[in-house]
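Remarks on the structure that follows.
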Amino acid sequence: MNVRADSTAATLKIRRDVLSMTMSESLDELKTLLAQVDDLGKAAAVLSWDQQSYMPPGGAPARASQLATLSRLSHEQFTDERVGRLLDDLAYETRDLPYDDDTASLARVVKRDYEKAIRLPSAFVAELAEASGLGTTAWARARSENNWAGFQDHLKRMIELKQREAEYIGYQDRVYDALLDSYEPDMKTSQVAEIFQGVRRELVPLVRAIVENADRVDDAALYRSYDPEGQWALAQQALSAIGYDFERGRMDRAPHPFCTSFSNHDVRVTNRILPNFFNSAFYGALHEGGHALYELGSPDRFERTGLGGGTSLSVHESQSRMWENLVGRSRPFWQYFFPKFRKAFRKNSADMDAEKMYRAVSAVKPSFIRVEADEVTYSLHVMLRFEAENLMLENKLNVSDLPSWWDEAMSSYLGVTPPDVAHGALQDVHWSMGLYGYFPTYSLGTILSAQLFEKARETLADMDEQFARGEFTPLREWLTDNIYRHARKFTLNELAVRITGEPLQTRSYIAYLKQKYTELYGLT
Ligand code: ZN
């Protein structure tokens, strides 16, 4: 049990003050304060969702101020001394309760957030939010105009802000440690580097072997012209099939697909359509749908407490990648879904069948765009960003040099060079929003997804038959029981150990990729 037994004189004095209240009184007061903080955060999420979907460009400056005000207010409320005292008291009161007890978990998890938040001055948080608002709008324009110069000053400013943030938070080893911890508590840069190195060692020869046999899988059908409305409708069908509830969510157009939660009864996804590439909208929907199922599965009793929602970004990503790839790119999934595809796109599907579709959507092709990357090369895109972020944050790479650095790295990691900066360093929204230390969680989550799925397959013995019949409820219920219902109670490794008996490991992921792609490409 790691509830800290704080015994400084000052804390004891405070504790006596709080102890005169009963535990339920102080818990009620804490919950009231946390509910307000949560409301402010969710209101900001609505504004941010609108900014990225419907807001006209002219709204950008005012929206940036609104978001800055909301994040300052929420930060001020949360970092109030009273919250700290109530949390100390709660930690003390719950010290003998089981680790997974709701109240003990609330004390532990919210205290971790609190201790990090008090290190950042509210004025800095507002500054960051404003820069993020302006940066996102500048990024969207720069990307559509394919113009690096329109974005680089915003990026430079954001790097400086994140360096300051890391100084406020503190770190022992690398600047990056301070930032990574916000998305993946307890994970260190050196651990990520080691995991990535191990995976890269296995992936590079696999990619090479596949590229040499590229003609064995034909994915030309995916690049035909697909009517955007038909694509949208099919993406909605895919979401419904996996159990996304349109009474508690909706899908809207945005330049970058994402999922955002306003409560566990209103979880939105966004998506984009490429008229000449089937995978973009379809797998975008399954991916964001996987995130959404996790948020929708968070229990009502954790709402507005700070304990609701997904526990960390990697665990979140394990859910999106599971539905996108381990389910959506499986043979049984297409045995079920192919007739729907055929109905939606008669002309394009005339020469296709379920097996050909399974093979086409699984095709491996080194390419420029991360969100459209295949299962095997995906992590290489992430590793490149992990490296770039570290270099920029440690002042070893100037933002003006990023596009050329990017092209060289793409060529060495994947053997391809982007045609322009929109397909290169400008493709992702993350850095414009201040999300540094976020990218590695995509790969850590992908690695975790295979570990979890292996366990699910063991428990649900006939999972393939279920998928082939369009039955995704058993898997969703397994995930609810093992992951969703715990919301933020456990960290990645705590969950992995509870579910699979061991912390995050790369063995299942590598085994899955090798098995699937050795068969698919007839490798020996
Ligand atoms: Zn995701």
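Taking each DSSP H run with n ≥ 4 as -39500 (n - 2.57) and averaging over every residue of the chain yields -20500 deg cm²/dmol at 222 nm. Shown here are the Rg and Dmax of the Cα trace of region 413-524, at 17.8, 47 Å.
Using 0.36 nm per residue and subtracting the Cα-Cα separation, the extra length available between residue 233 and residue 245 on full extension is 2.8 nm. Against the chain, whose longest principal axis is taken from its Cα atoms, helix 122-145 shows a tilt of about 10°. Taken about its Cα centre, the chain carries a charge dipole of roughly 660 debye when the Cβ of each Lys and Arg holds +1 and the Cβ of each Asp and Glu holds -1. Consider all pairwise Cα distances in region 317-456 and report the whole-number % of them above 25 Å. Looking at region 317-456, the distances longer than 25 Å represent 39 percent of pairs.
Here the calculated FRET efficiency for residue 173 and residue 351, from their Cβ-Cβ distance with R0 = 41 Å, stands at 0.15, rounded to the nearest 0.05. Counted over the chain, the DSSP beta bridges are approximately 60% antiparallel.
Within the straight-line cut-off of under 29 Å between alpha carbons, the lysines reachable from residue 340 are 356, 365, 516, sequence neighbours fewer than 8 places apart in one chain being disregarded. Here each label is just a point 7 Å from Cα along the line to Cβ, and for residue 146 and residue 515 those points are 4.4 nm apart.
Going from the fewest other Cβ atoms within 10 Å to the most, the residues 32, 459, 137 appear in the order 32, 459, 137. For residue 42, the lysines whose Cα comes closer than 27 Å to its Cα, not counting residues fewer than 8 places off in the same chain, are 31, 111, 116, 162, 489. Note on residue 188: aspartates and glutamates with a C-alpha under 20 Å away, same-chain residues under 8 apart excluded, are 113, 115, 165, 167, 173, 177, 317, 387, 389, 394, 494, 502. Once you divide the Cα radius of gyration of region 197-344 by 2.2 N^0.38 Å, the number left is 1.17. When the alpha-carbon atoms of region 248-317 are used, the pair Rg, Dmax equals 13.0, 45 angstrom. Computed from the alpha carbon positions, the gyration tensor of region 373-415 leads to an equivalent ellipsoid with semi-axes of 20, 11, 6 Å, biggest first.
Would you mind getting me the FRET efficiency between residue 420 and residue 460? Use the beta-carbon distance for r and R0 = 60 Å, nearest 0.05. Efficiency computed from Cβ-Cβ geometry: 0.85.
For region 228-273, the equivalent ellipsoid derived from the Cα gyration tensor has semi-axes of 18, 14, 7 Å, listed largest first. When exposed loop sites are taken as trypsin sites (Lys or Arg not before Pro) in a DSSP loop with at most 15 other Cβ atoms within 10 Å, the longest stretch of the chain clear of them is 273-395. Rg over Rh for the chain works out to 0.96, both radii taken from alpha-carbon positions and Rh defined as the Kirkwood radius. On full extension of the chain, what length is gained from residue 22 through residue 223, given 0.36 nm per residue of separation minus the C-alpha to C-alpha distance? Net length gain for the segment: 65.9 nm. Each label was represented as a point 7 Å from its Cα along the Cα-to-Cβ direction; for residue 213 and residue 50 these points are 5.4 nm apart.
Computed from the C-beta positions of residue 101 and residue 494, the FRET efficiency with R₀ = 22 Å rounds to 0.95. Tell me which of 513, 187, 350 sits at the most positive position along the dipole axis of the chain, charges placed on C-beta atoms (Lys, Arg +1; Asp, Glu -1). Checking the options against the dipole of the chain, the answer is 350.
No value in this document is a laboratory result; all are computed from the given coordinates. Not measured: the values here are computed from a predicted model. Because the Cβ atoms are built from the backbone with ideal geometry, glycine has one as well, and the counts that use them run over all protein chains shown.
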